[in-house]
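Just so you know, all these numbers are worked out from the coordinates, no wet-lab data involved. Nothing here was measured: the structure is a model prediction, and the numbers come from that model. Cβ: placed from backbone, ideal geometry, glycine included. Neighbour counts: every protein chain shown.
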Amino acid sequence: MSDRAVLVVNAGSSSLKFALYPHEAPVGPGGEADHAAASAALAAGQLEGLQPGGQLRLCPADGPVRVLDSPADEHDRYALALDAMLQHVQHAAPGVAVAAVAHRIVHGGPNFRAPVVLTDAVLAELATLEPLAPLHQPHNLAGVRALRRREPALLQVGCFDTAFHAGMPEVEHRFALPESLHEQGVRRYGFHGLSYDFVMHSLLHTSPIRSQGRVLMAHLGNGASLCAARGGRSIATSMGFSALDGLVMGTRCGTLDAGVLLHLWRQGWSLAEVERLLYRDSGLLGVSGRSADMRELHRLADAGDVAARRAIEVFVYRLRREAGGLTTVLGGLDLLACTGGIGEHDARIRAELAHGLVHLGVQLDEAANQAARGDRIEPIHGPGSAVEVWVVPTDEGRVAAQAAWALLDARDGAARTA
Ligand SMILES: Nc1ncnc2c1ncn2[C@@H]1O[C@H](COP(=O)(O)OP(=O)(O)O)[C@@H](O)[C@H]1O
Ligand SMILES: CC(=O)OP(=O)(O)O
Ligand SMILES: [Mg+2]
């Protein structure tokens, strides 16, 4: 076993997911990583209760939950939680040194199109993007700063959700707004890029030809988006300037007529109230008035709850509508891939999406769809389907770890030749 590993951190508003990955040599014809052959994470889990007033807990992926002290001061909370995480990974992988920490950072803005070492200057620039992803960016950066305070010498690397979409054509990333705003960076960026990168590389091994054709990837989790890819690269995506656009999400509204915002402002809503409405009180939660969790909504809808059923119907309708638009951009469809918590586990939503694309020749193997558990990559299309359909369990952490290793290897190489 390798004696060095990269710790991947994905910090959210109340929890921080972590996983420790050993060194993985890039393999495959183009030097790309073979996700299918990759070894498992050496340790994984999450810290919960990071929000003020929360009960801090360390929840290892394969062990009992540890309840931690919960100091009131935010810096003390982070310090205590990170101590517990570092102790846990040292215990779970004895003798393995953490060579770097790779962070999932959702917004890289116009300038960060590849993984980067997180210096103070980089952090300051990334902080200016916080208003564009208020559910994610402030927490992503808080994780970096807290680790920096605790381990100042540790190399920290930022890996951006937006980077996978950096090559989208201009017509896709431009808003129909004046040039001056475009120059300020008001454009579409796209998100969930680490997930799409993982899915695309996974498909390259199972469907080497079709994965390079017209591919639609559906990342359906708490946040949700679609990505159209050709030649393995993103050419269009449903999320835009911020992580609000596109599909209906757990608590986010997705695409919204900007006239609604003008209407609310005229009614006297404050900026904070509008932000809260769009990011936290809308989506599945807003429409149902019940829950942001798709499992819970199915349970309620099956028991006859009309509002829960309506939320699922709006989610599915908008998913199909957006999928239709992107397949037109692609000029047809060779492969559809489903990932994220809902995409991996929810056979009913997968079927709803696939049935909305029958006109393109999508045909499911209904039994295979029902049987797919999201624990491995597997096909769910029928024998006569013109389009391959795959369930792909995503691993954003592995993409971040591989990016960090590439940076570390390049540094080691440069140090040897210096
Ligand atoms: N077995 C399941 N069946 C249906 N939905 C599921 C299942 N497991 C998770 N989900 C849904 O996935 C969503 C969370 O997705 P996930 O990708 O885990 O979220 P996050 O964006 O926080 O990483 C929730 O709506 C949850 O209900
Ligand atoms: C960008 C985004 O929405 O991420 P998540 O799905 O993790 O909330
Ligand atoms: Mg997610």
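At-a-glance table
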| read-out | value |
| --- | --- |
| Pairs of alpha carbons in the chain whose separation is greater than 33 Å (percent) | 34 |
| Cα gyration tensor, region 177-273 - rounded (a/c under 1.5), prolate or oblate | prolate |
| Antiparallel bridges, percent of DSSP beta bridges restricted to region 4-160 (to nearest 5) | 65 |
| Cleavage-rule hits, trypsin sites (Lys or Arg not before Pro), region 59-135, DSSP coil, Cβ neighbours within 10 Å at most 16 | Arg113 |
| Value of [θ]222 nm, deg cm²/dmol, for the chain, DSSP H segments ≥ 4, -39500 (n - 2.57) each, nearest 500 | -12000 deg cm²/dmol |
| Stokes-Einstein diffusion coefficient of region 218-297, Kirkwood radius over Cα pairs, 4 °C, 1.567 mPa s, in µm²/s | 95 |
| Share, in percent, of DSSP beta bridges within the chain that are antiparallel, nearest 5 | 65 |
| At q = 0.16, 0.20, 0.24 Å⁻¹, base-10 log of I(q)/I(0) for region 107-198 (Debye sum, equal scatterers on each alpha carbon) | -0.69, -1.01, -1.31 |
| Net dipole in debye of the chain [+1 Lys, Arg Cβ; -1 Asp, Glu Cβ; about Cα centre; nearest 20] | 300 |
| Overall form of region 4-160 per C-alpha gyration tensor (a/c, 1.5; a/b vs b/c) | oblate |
| Hydrodynamic radius of region 208-391 per Kirkwood, over alpha carbon pairs, in Å | 17.0 |
